[in-house]
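Novice: The structure is given below, and queries will be raised subsequently.
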Amino acid sequence: MVQETILKPSDFILPVFITEGEKVKDEISSMPGYYRYSIDLAVEELKECWALGIKCSLIFVKVPDELKDNLGKEALNENGLMQRSVRAIKKALPEMIVMTDVALDPFSSFGHDGIVEGQEIVNDKTVDVLAKMSVSHAKAGADFVAPSDMMDGRIGAIRQALEEGGYHNTGIMSYAAKYASCFYGPFRDALDSAPGFGDKKTYQMNPANRLEAIKEVEMDVAEGADIIMVKPAHAYLDIIREVKNSVQLPVSAYHVSGEYSMIKAAAKAGYLNEDQAIIEVLTGIKRAGADLIATYFAKQAVQLLK
Ligand code: PBG
């Protein structure tokens, strides 16, 4: 009666990794129990999740090496894996909210989120591509685009491009406070997208900073974001709370791949109870202020809540 925080299925955003082929279901070695699916099996999996009450998916694609380049040209292909995935999911599940990842790293021969010149990840040229990419996802039927790249000024540019393209109803979930975190390791295995040189510290945030998160969030709100994200989640609960207190928008938090794999590994070793850990951590993230939680545990959590 006095419990303040109650998880429910519609709190969750389900990340989905899609790969080329048919009838493909590959387990990601550093994410036990999590898979890359071909489009046909991704649709089947999403139908099951929809029936369990999950309302939102966040799509990532694994791009074949031969289609990667420095400019992310494949990201704009109307028949690219992302665009085909969105069309197939919206056709099978028209009511499911489909969000698409917008960033160059899965398409980049350097594994960086932006275009590389010399040793630099160049901001403004990247923003142009991200805006075009967003329009292409909207055209394929995405309900939300989710820029995860952390370039400056991209929310404004994406908003403007969507308006000009006539996609007035496409939302933007901005990864506004995204930290340069070691907890993204398993995700980079999943998409084969680890940076080929250097790291992402020139565009992602220093984990030691708090005020900068608020500044990043305020910029994205001013530029037209509809949902603000903090990422990762478990090590950044204070940031989630501060962001929640300072914006009048829904706040999402991304419980990232390494945070998933830590629980899986500890449970497998018998160090803790997996089911209890999942519910406790996700409840903590919601209690910290997340209205929405992107998590690889979405399906398991919903099954546990039932
Ligand atoms: C990159 C991107 C990353 C994640 C989502 N989009 C990794 C990175 O910044 O290198 C991480 C998600 C996770 O670890 O679960 N655009």
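Novice: Given the rule -39500 (n - 2.57) for each run of at least 4 DSSP H residues, summed and divided by the residues of the chain, what is its mean residue ellipticity at 222 nm, to the nearest 500 deg cm²/dmol?
Specialist: Calculated from helices alone, the mean residue ellipticity at 222 nm is -12000 deg cm²/dmol.
Novice: A follow-up question, please. Given labels modelled 7 Å from the Cα in the Cβ direction, how far is it in nm from E117 to E20?
Specialist: About 3.1 nm separates the two model spin labels.
Novice: When the Cα centres of segment 5-55 and segment 62-98 are compared, how far apart do they sit, in Å?
Specialist: 16
Novice: Rank by packing, highest mean first: peptides 124-135, 188-199, with packing defined as the count of other Cβ atoms within 10 Å averaged across residues.
Specialist: 124-135, 188-199
Novice: Hey, got the dipole for the chain? About the Cα centre, +1 on K and R Cβ, -1 on D and E Cβ, debye to the nearest 20?
Specialist: The calculated dipole for the chain is roughly 680 debye.
Novice: If you don't mind, another one. For A235 and K201 in one chain, what is 0.36 nm times their gap in residues minus the Cα-Cα distance, to one decimal in nm?
Specialist: Answer, rounded to one decimal: 10.5 nm.
Novice: Here's a follow-up. Could you give the spread of the C-alpha atoms of the chain along their three principal axes, from largest to smallest, in whole angstroms?
Specialist: Ordered largest first, the chain gives principal extents of 52, 47, 38 Å.
Novice: Around D149, under 13 Å between beta carbons, what's the net of Lys plus Arg minus Asp minus Glu among the other residues?
Specialist: -3
Novice: Now for a separate question. For K139, list the aspartates and glutamates whose Cα falls under 19 Å from its own Cα; do not include residues on the same chain fewer than 8 positions away.
Specialist: Partners within reach: E74, E78, E95, D101, D128, E163, E164, D226.
Novice: For segment 1-157, report the accessible area per residue in Å² (1.4 Å probe, heavy atoms, rounded to an integer).
Specialist: I get 42 Å² per residue for this part.
Novice: Here is a further query. Within segment 176-298, how many Lys pairs that are eight or more residues apart, or on different chains, come under 27 Å at the alpha-carbon?
Specialist: 24
Novice: When the accessible area of segment 7-100 is split by element with a 1.4 Å probe, what percent falls to carbon and sulfur?
Specialist: The value for segment 7-100 is 52 percent carbon and sulfur by accessible area.
Novice: Stick to Cα atoms and the Kirkwood definition of Rh, then tell me Rg/Rh for segment 197-306.
Specialist: 1.01
Novice: Separate question: Are there any GluC sites (Glu not before Pro) in segment 49-108 that are in a DSSP loop and have at most 11 other Cβ atoms within 10 Å? List them by number.
Specialist: In loop regions of segment 49-108 (DSSP not H, G, I, E or B), the sparsely surrounded GluC sites (Glu not before Pro) are E78, E95.
Novice: If you average the C-alpha positions of segment 177-209 and of segment 149-173 separately, how far apart do those two centres end up, in angstrom?
Specialist: Between the Cα centre of segment 177-209 and that of segment 149-173, the gap is 23 Å.
The values are calculated or read from the model by the stated rules, or taken from the named source; none is laboratory data. Only a predicted model underlies this, so the values are computations on that prediction, with no experimental measurement involved. Cβ sites come from the backbone with ideal geometry, for glycine too, and all protein chains shown count toward neighbours. When the accessible area is computed, the model is the full protein with side chains, heavy atoms only, and any ligands, DNA or RNA have been set aside. Shrake-Rupley method; radii C 1.70, N 1.55, O 1.52, S 1.80 Å.
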